[in-house]
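Structure first, commentary second.
The values are calculated or read from the model by the stated rules, or taken from the named source; none is laboratory data. Computed from a predicted model, the values in this text were never measured in an experiment. Quick reminder, even Gly has a Cβ in these numbers, built from the backbone with ideal geometry, and neighbours come from all protein chains shown. We work out accessible area using only protein heavy atoms, side chains counted, and drop any ligands, DNA or RNA first. Shrake-Rupley method; radii C 1.70, N 1.55, O 1.52, S 1.80 Å.
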Amino acid sequence: MSKSSFPAYIEDKIFEINYSDETVSKITSYFPLTEFEKQEILSIIDDDFSEFHSIFSDNITDEEWNRSKEQIKKKFNDELFKIDENH
């Protein structure tokens, strides 16, 4: 299962997918996914899976996400790189 197997609107919200023996073991999104999005993912991976996590705990609308996603991703990545530079 590759990240590109998900619909683009869901793939865009996913920060990271972890695998165990080529099976999805954990999905981390920027913000909590909706129940509909989770159900769509579950129907695609067709596996007993429940490891949904998110970086931020706030729930935001698709409109808010689409308006601010580039800024959120850039800020998150910039801060992640700054952490790496300090070590």
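When residue 63 is tested against (1) part of a loop (DSSP other than H, G, I, E, B); (2) loosely packed, with under 12 Cβ neighbours inside 10 Å; (3) of a type outside the set (Lys, Arg), only condition (1) is not met. Here residue 45 meets each of (1) at pLDDT below 90; (2) open to solvent by 60 Å² or more (accessible area, probe 1.4 Å); (3) more than 14 Å from the chain's Cα centre (by Cα); (4) not polar (S, T, N, Q) with one exception, condition (2). Tally up the residues in the stretch 6-26 that are open to solvent by 60 Å² or more (accessible area, probe 1.4 Å) and either assigned to a helix (DSSP H, G or I) or on the phi > 0 side of the Ramachandran plot (or both), please. Residues meeting the conditions: 5. When the stretch 32-54 is filtered for residues that are outside any helix (DSSP H, G or I) and either out of contact with any helix residue (DSSP H, G or I) (no Cβ under 7 Å at 6 or more places or on another chain) or over 22 Å from residue 76 (Cα atoms) (or both), the ones remaining, listed by number, are 32, 33, 34, 46, 47, 48, 49, 50, 51, 53, 54.
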